[in-house]
1. Out of region 82-101, which residues are under 23 Å from S9 (Cβ atoms), out of contact with any helix residue (DSSP H, G or I) (no Cβ under 6 Å at 6 or more places or on another chain) and surrounded by 14 or more Cβ atoms within 10 Å (Cβ to Cβ)?
2. With A57, A52, A44, A68 as the choices, which residue is crowded, with 16+ Cβ neighbours inside 10 Å, assigned to a helix (DSSP H, G or I), modelled with pLDDT of 95 or more and not basic (K, R)?
3. Which ones in region 63-84 are among the small types (G, A, S) and on the phi < 0 side of the Ramachandran plot?
4. Residue check: is E117 without any contact (Cβ under 8 Å) to a residue 12 or more places away in the chain and either surrounded by fewer than 19 Cβ atoms within 10 Å (Cβ to Cβ) or in contact with a helix residue (DSSP H, G or I) (Cβ under 6 Å, 6 or more places away or on another chain) (or both)?
5. Answer with yes or no whether F159 is surrounded by 17 or more Cβ atoms within 10 Å (Cβ to Cβ), in contact with a strand residue (DSSP E or B) (Cβ under 9 Å, 6 or more places away or on another chain) and free of Cβ contacts under 8 Å to residues at least 60 places away in the same chain.
6. Being hydrophobic (A, V, I, L, M, F, W, C) and in a loop (DSSP other than H, G, I, E, B) is the filter here, so list the residues in region 1-16 that pass it.
7. Across region 136-180, which residue is modelled with the lowest pLDDT among those that are in a helix (DSSP H, G or I) and in contact with a Lys or Arg (Cβ under 7 Å, 6 or more places away or on another chain)?
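The values are calculated or read from the model by the stated rules, or taken from the named source; none is laboratory data. From a predicted model like this one, the values you see are computed outputs, not experimental measurements. Methodologically, a virtual Cβ is constructed for each residue, glycine included, from the backbone with ideal geometry; neighbour enumeration extends over all protein chains shown.
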Amino acid sequence: MIDLPGGESTPGGWDLRQTSDELPWPDVTGKRCLDVGTADGFWAFELERRGAAEVVATDVPSFFQSRAQQRFELARELRGSSVAYEARSVFDLEGEYDVVVMGFVLQMVTDPIGALEAIRRVCRGHLLLLDTVSAPLSLLRSPLARLDARRDGREWFVFNRAGLRKAVEIAGWTVEVQTGVLRDRPGPLPEAQAAHGSWKWRIGARGRSCGLRAIV
């Protein structure tokens, strides 16, 4: 869900506005920023709202993304936004950025550490990472990940908090601060409500996340 002028908002799969307030944001004022895996653009528009001088939003083409991009374009027009959109994989990033935001992407790629290394090659400052975590596994201190958390092949590795931090560090980042387990709220789209109802009691269910801020 993305806020629009006049107090309205776009429909979305997830309402991340409260989650955004709980993240350890770096200062993005006047910075060149990148949103990896933008979907409908929530984090890209949030970077712009927080004062970024330039924002590029990227995602890979898919049936899901074609629908999300429609909401992205609507929000960009109604907000009078200058966010640029590029169809690009995390493994094909180009340019240099001061701040990179990546939300809910690591669980969708077969090589999460490689994805973090790809971001480090284009980042000259901070990474703000938000990703699904397994709440039960987060009760354990050892760095762990669960394979195929949804049991339908739609996700690969879902970490616990310690595992997410360790993956970031292995990729060459220095973690400055990490949140506890956050509770994300589903948005009003029917498929989001259905998924929330079906998965909220399962181990590793989407809706629980962890954020961290790291520096090159």
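1. From region 82-101, those under 23 Å from S9 (Cβ atoms) are 82-85, 101; that's our starting set.
Add one more test, that the residue is out of contact with any helix residue (DSSP H, G or I) (no Cβ under 6 Å at 6 or more places or on another chain), and what stays is 82, 84-85.
Correct list: Y85 only.
2. Numbers: A57 fails: assigned to a helix (DSSP H, G or I); A52 fails: assigned to a helix (DSSP H, G or I); A68 fails: modelled with pLDDT of 95 or more.
When all the criteria are applied, what remains is A44.
3. So in region 63-84, the residues among the small types (G, A, S) come out as 66, 68, 75, 80-82, 84.
Within region 63-84, S66, A68, A75, S81, S82, A84 meet the criteria.
4. Taking the combined requirement at face value, the residue does not satisfy it.
5. Judged against the criteria, F159 is a match.
6. Start the filter on region 1-16 by keeping residues that are hydrophobic (A, V, I, L, M, F, W, C), which leaves 1-2, 4, 14, 16.
Scanning region 1-16 gives M1, I2, L4, L16.
7. S138
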